[in-house]
Amino acid sequence: MLSRALVLFALFVCPVASAQDVLTVAADGKTKAVVVVDAKAGKWEKQAATDLVKYIERMTGAKPALANPVVEDDGKSPVLVVGSAALKADPTLAAALAKVGKDPVLRKDAIVLRRTGNRVLIAGTNDDSHYYAAAELLRRWGCRWYLPTEIGECVPEVKTLTVGALDYAYAPPFEVRNYWVSWNGSNDGQDDFMRRNFMNTGVGVPNGHAIGEYVGELIPKGKSVFDIPIAEDSTADHIVKKVSPKFAKGEYFSLGMEDGVYRTESKLDKQLMAGLKDKYFLSDSLADPFLTLYNKVSERLLKAHPNSTARIGFLAYGNLTIPPQRKIVAAKPLVAYLAPIDIDPIHGMDDPKSPPRHEYKEMMYRWAEVMQGRVVIYDYDQGMLVWRDLPNPSIQSIRQDIKHYKKAGILGVSTECRNAIATVFLNLHVRAQLYWNPDADVDAMLAEFYTNFYGPAAKPMAEYWNGILKAWEDSIVTEHEHFVIPVIYTPALVEKLRKHLAEAEKLATLPGGEVTRGQQLYYNRVKFARLSFNVIDHYTAMARAAATDGDYKAATAAGEKALAARLELAKMNPTFTTRVVGVAAEGKDSGPAWFPGEVEQYRALGSLTDGTKGTLVQKLPLEWAFRRDPHDTGVVSGWARKPVDLKWWTSTDPLLDLPMGAPPKFADPTDRHRLNPGHWGMLRTDLYMQAQGVVSPDYHSYTGLAWYRTDVTLPAQAGKTHVMFPGLFNEAWLYVNGELVAHRAYKEPWWLSDYKFEWDVDLTGHLKAGANTVAVRVNNPHHFGGMFRRPFLYKPAGK
């Protein structure tokens with residue numbers, strides 16, 4: 001009997017055996033091997049055969065023949081039999097496939113590899129799986145596909161290619177393993193990349209925003225689809241009438257909520273909600289009404305069509321993310337797609353620095369219980385939803401989360417992705433390997449990657465990427481927008497990256513004369529890193545010039561360089577960024593949420609200080625006194641006018657009044673704020689509150705009231721003067737010299753704003769010559785809070 005092959009994700013090495021036990025596929029640039037595939041093979045089954053031919057030739061210089069099942073077998077020359085031809089050649093393969101994995105809800109993607117004498121049998125349970133089996137054999141020979149398109153392909157060159165003892169069958173624990181490309185992302189190379197990394201498409205249940213098309217007649221007059229009665233029998237009956245033909249045919253369809261926050265005046269809905277709130281979306285929590293509706297629809301449909309195999313998908317998203325609190329089990333046709341769009345995408349479920357991720361873990365397990373495992377995670381990679389094409393790794397989170405997904409017994413993961421490789425880089429490859437085998441060794445995977453991908457430049461490029469990975473993993477921030485960039489990509493990190501990249505460029509320089517394919521690829525990959533670094537370098541310079549220095553001329557210039565660098569990335573390979581070549585969707589008029597719009601915002605702010613629309617009077621201090629106000633005592637206690645006591649903050653005794661159990665000294669710069677028991681401290685105005693450690697001792701983001709205070713000295717009467725807060729989250733109140741002078745209304749959550757986050761206040765008549773006290777009171781109910789760009793005083797142009 002043939003011995004079992006080495007476990008998955010270990011390098012395939014022939015077992016110790018005598019020469020006749022090893023099948024030589026190719027040697028010294030020659031081969032007699034034949035790859036056999038059925039003439040009626042499916043798309044991926046056929047490509048499995050052609051890719052075996054392609055990559056064997058790439059590895060050895062020898063090209064095997066490709067044949068239909070009719071082939072002369074001399075019993076000695078290698079014959080690689082693919083797909084249905086293999087299943088016909090050895091009917092026992094079917095039994096091997098049946099034994100692995102569990103009974104599927106949607107589809108089983110099992111593979112089998114078996115060598116019998118001179119024959120290597122390569123097959124799976126479906127068209128995709130036939131390809132996965134071939135991909136596994138190529139993986140064992142050392143082939144890797146780290147990124148879409150040729151730049152991500154690593155194929156070893158070998159003198160001799162062999163197969164030892166081989167008898168292996170496997171099925172992954174997850175049925176759904178895919179990503180789809182959104183937001184102007186490039187699909188170049190996606191299909192091949194996914195199959196070569198064991199991902200699938202077309203496996204799952206429709207889950208998009210769809211319920212609106214079935215409930216239009218139920219919308220109350222003057223309201224929207226977000227105001228329908230949810231759990232009422234009348235709503236269920238109305239939907240059933242419209243979807244019954246689909247259900248009867250066994251179709252898969254979606255009843256997913258529309259993209260927004262739902263409200264309801266239904267008495268039944270309110271009873272089911274029981275007044276519970278969703279702290280992430282600052283709204284009612286509606287999982288119980290919605291799941292009650294979905295169960296009612298399913299029960300009525302099953303009663304009418306008891307033998308239907310239809311599936312109904314829905315989104316656990318928005319204010320339907322927090323799972324049901326009542327005792328309820330989902331009807332069998334239902335499949336939930338859990339989409340935690342506003343929950344920390346940076347950290348893993350077991351990271352002590354991320355209470356939101358701990359909460360998500362409990363949500364996921366509860367949804368898995370309610371759905372009896374019929375849950376697909378709909379996540380986001382890039383996790384930074386509004387971003388700037390800087391690296392945004394998710395490896396540090398998925399390597400933890402995948403263990404919990406396996407333990408919960410869910411159906412898998414479907415990721416919304418822009419396929420912007422300068423942003424996600426190795427994320428998709430690591431995700432794919434973990435979806436296939438959650439027990440894969442990520443550290444070994446990364447170590448192998450640096451060597452395979454960068455060749456002679458492996459060491460400095462490992463330092464480069466490990467520095468980026470560590471910065472994200474060590475961070476305490478839990479948000480998902482571009483405001484986190486200065487927190488992650490600090491000047492110190494940027495300088496380290498610059499040094500490592502320069503070393504790598506020296507090592508990857510092309511030699512004079514003939515250049516091999518491998519040398520060219522190493523060079524191109526380091527060039528890609530250089531172009532990516534240029535975006536990091538110029539963007540962080542822009543953010544620093546604007547937020548820290550208040551120098552908007554320098555910020556605009558750096559921003560234009562960053563945009564030019566991003567364009568060079570896109571020109572090198574369209575997969576490196578979202579589509580920016582010949583696409584107007586992100587033009588300068590697209591608004592400050594987008595990269596060009598942010599540059600234009602700085603240009604406009606500069607016009608308030610350079611004489612165009614105004615003249616700079618004074619930049620306000622970079623650091624202000626700061627104090628949390630969890631009990632709303634600041635107004636009545638006169639925090640806007642009474643002296644600020646910084647005794648605790650300036651004390652050299654690190655144990656002074658620290659919470660019980662706190663560490664003996666501040667291990668991290670943010671700890672001084674995190675462990676501050678409630679005293680005045682000093683906070684920068686160029687980073688939002690959480691980024692500087694304004695969190696609870698157990699890392700919960702601080703929500704509630706807080707105060708900023710500073711003193712401003714003016715040499716003369718100010719005259720007509722405005723204060724501009726160029727980056728300020730939250731509802732706010734402005735005090736000057738102890739008196740309230742302005743209130744800023746603000747719609748939360750923060751993403752409902754205009755993305756400028758500016759507050760321009762006329763201070764004419766409120767400022768005096770000499771010393772002035774300025775105080776800002778903010779109310780932060782969510783993640784992002786406080787100031788993140790340095791304020792300034794200016795005189796508007798004109799009368």
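The values are calculated or read from the model by the stated rules, or taken from the named source; none is laboratory data. The model shown is predicted, which means the values in this text are computed figures rather than measured ones. Neighbour counts are summed over all protein chains in view; Cβ atoms, including those assigned to glycine, are modelled from backbone coordinates with ideal geometry. When the accessible area is computed, the model is the full protein with side chains, heavy atoms only, and any ligands, DNA or RNA have been set aside. Shrake-Rupley method; radii C 1.70, N 1.55, O 1.52, S 1.80 Å.
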Item to check | Hits in the range 70-95 - residues which are outside any helix (DSSP H, G or I) and either crowded, with 17+ Cβ neighbours inside 10 Å or among the acidic types (Asp, Glu) (or both) | outcome: GLU72, ASP73, ASP74, SER77, PRO78, VAL79, LEU80, VAL81, VAL82, GLY83, ASP90
Item to check | Enumeration of residues in the range 679-693 that are assigned to a loop (DSSP other than H, G, I, E, B) and either open to solvent by 20 Å² or more (accessible area, probe 1.4 Å) or free of Cβ contacts under 8 Å to residues at least 12 places away in the same chain (or both) | outcome: HIS679, LEU687
Checklist entry - Any residue at all in the range 402-418 that is assigned to a loop (DSSP other than H, G, I, E, B), modelled with pLDDT under 95 and open to solvent by less than 30 Å² (accessible area, probe 1.4 Å)? => result yes
Checklist entry - Within the bounds of the range 2-21, is there any residue that is of a type in the set (Ser, Thr, Tyr), modelled with pLDDT of 50 or more and either open to solvent by 30 Å² or more (accessible area, probe 1.4 Å) or within 16 Å of VAL71 (Cβ to Cβ) (or both)? => result no
Checklist entry - Residues in the range 354-364: is at least one surrounded by fewer than 23 Cβ atoms within 10 Å (Cβ to Cβ), modelled with pLDDT of 95 or more, among the aliphatic types (A, V, I, L, M) and in contact with a Lys or Arg (Cβ under 9 Å, 6 or more places away or on another chain)? => result no
Checklist entry - Which pairs have Cβ atoms under 6 Å, sit 6 or more apart or on different chains, and link a residue in the range 425-444 that is surrounded by fewer than 23 Cβ atoms within 10 Å (Cβ to Cβ) to one that is among the polar types (S, T, N, Q) and in a helix (DSSP H, G or I)? => result ALA440/GLN433
Checklist outcome for this item: Restricting attention to the range 116-154, the residues that are in a loop (DSSP other than H, G, I, E, B) and open to solvent by 10 Å² or more (accessible area, probe 1.4 Å) number exactly 7
Next on the checklist: For the range 272-290, give me the residue count where each residue is without any contact (Cβ under 8 Å) to a residue 24 or more places away in the chain and crowded, with 18+ Cβ neighbours inside 10 Å.
Outcome noted: 1
Checklist entry - Given the structure, is GLN372 polar (S, T, N, Q) and under 24 Å from GLY260 (Cα atoms)? => result no
Checklist entry - Would you say ALA529 is touching a residue at least 40 places away in the same chain (Cβ under 8 Å), on the phi < 0 side of the Ramachandran plot, small (Gly, Ala, Ser) and buried (at least 19 other Cβ atoms within 10 Å of the Cβ)? => result yes
Next on the checklist: Whether any residue in the range 204-215 is farther than 20 Å from ALA310 by Cα and not in a helix (DSSP H, G or I) is what I want to check.
Outcome noted: no
Next on the checklist: One residue is enough: does the range 445-460 have a residue meeting the conditions touching a Cys at 6+ places or on another chain (Cβ under 6 Å) and open to solvent by 20 Å² or more (accessible area, probe 1.4 Å)?
Outcome noted: yes
Checklist entry - Among the listed residues ASP344, ASP350, which satisfies the condition of being crowded, with 17+ Cβ neighbours inside 10 Å, of a type outside the set (Lys, Arg) and assigned to a loop (DSSP other than H, G, I, E, B)? => result ASP344
Checklist entry - Residues of the range 32-64 being in a helix (DSSP H, G or I) and among the β-branched types (Val, Ile, Thr), which ones? => result THR50, VAL53, ILE56, THR60
Item to check | Close pairs from the range 533-553: first on the phi > 0 side of the Ramachandran plot, partner hydroxyl-bearing (Ser, Thr, Tyr) and surrounded by fewer than 24 Cβ atoms within 10 Å (Cβ to Cβ), Cβ under 8 Å, at least 6 apart | outcome: GLY550/THR609
Item to check | Selected residue (criterion: nearest to GLN396 (Cα to Cα)) from residues of the range 465-475 that are open to solvent by 20 Å² or more (accessible area, probe 1.4 Å) and touching a Ser or Thr at 6+ places or on another chain (Cβ under 9 Å) | outcome: GLU473
Item to check | Matching entry among GLU251, GLU258, GLU299, GLU265 (being open to solvent by 10 Å² or more (accessible area, probe 1.4 Å), in contact (Cβ under 8 Å) with a residue 24 or more places away in the chain and either more than 28 Å from VAL203 (Cβ to Cβ) or hydrophobic (A, V, I, L, M, F, W, C) (or both)) | outcome: GLU265
Checklist entry - Identify, please: which residue in the range 563-579 is open to solvent by less than 20 Å² (accessible area, probe 1.4 Å) and either among the basic types (Lys, Arg) or more than 17 Å from VAL424 (Cα to Cα) (or both) and is, among those, nearest to the chain's Cα centre (by Cα)? => result ARG566
Checklist outcome for this item: In the range 66-87, anything at pLDDT 95 or above, within 12 Å of VAL34 (Cβ to Cβ) and touching a helix residue (DSSP H, G or I) at 6+ places or on another chain (Cβ under 8 Å) is listed as LEU66, LEU80, VAL81, VAL82
Checklist entry - Of everything in the range 96-115 that's in contact (Cβ under 8 Å) with a residue 40 or more places away in the chain and small (Gly, Ala, Ser), which residue is least open to solvent (accessible area, probe 1.4 Å)? => result ALA110
Next on the checklist: Looking at the range 202-211, can you tell me whether even one residue there is in contact (Cβ under 8 Å) with a residue 60 or more places away in the chain, more than 22 Å from ASP288 (Cα to Cα) and open to solvent by less than 60 Å² (accessible area, probe 1.4 Å)?
Outcome noted: yes
Checklist outcome for this item: The condition of being of a type in the set (Asp, Glu), assigned to a loop (DSSP other than H, G, I, E, B) and within 30 Å of GLU57 (Cβ to Cβ) holds, among ASP192, ASP188, only for ASP188
Checklist outcome for this item: Per the filter on the range 42-67, residues open to solvent by less than 30 Å² (accessible area, probe 1.4 Å) and in contact (Cβ under 8 Å) with a residue 60 or more places away in the chain are GLY42, TRP44, GLU45, ALA48, ALA49, ASP51, LEU52, TYR55, ILE56, MET59, THR60
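Yes/no per residue for (1) touching a strand residue (DSSP E or B) at 6+ places or on another chain (Cβ under 8 Å); (2) over 24 Å from GLY455 (Cα atoms); (3) modelled with pLDDT of 95 or more:
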site: TYR489; (1), (2), (3): no, yes, yes
site: GLU505; (1), (2), (3): no, no, yes
site: GLU514; (1), (2), (3): no, no, no
site: GLN520; (1), (2), (3): no, no, yes
site: ASP537; (1), (2), (3): no, yes, yes
site: ALA541; (1), (2), (3): no, yes, yes
site: ALA545; (1), (2), (3): no, yes, yes
site: ALA562; (1), (2), (3): no, yes, yes
site: THR577; (1), (2), (3): no, yes, no
Next on the checklist: Condition (residue is closer than 30 Å to ARG58 by Cβ and within 22 Å of the chain's Cα centre (by Cα)) applied to the range 510-528: is it met by at least one residue?
Outcome noted: yes
Next on the checklist: within 26 Å of GLU598 (Cα to Cα), among the hydrophobic types (A, V, I, L, M, F, W, C), open to solvent by less than 40 Å² (accessible area, probe 1.4 Å) and at pLDDT 95 or above: which single residue out of LEU763, LEU728 fits that description?
Outcome noted: LEU728
Next on the checklist: Just to check your reading of the model, which residue among ALA625, ALA584 is at pLDDT 95 or above and touching a Ser or Thr at 6+ places or on another chain (Cβ under 9 Å)?
Outcome noted: ALA625
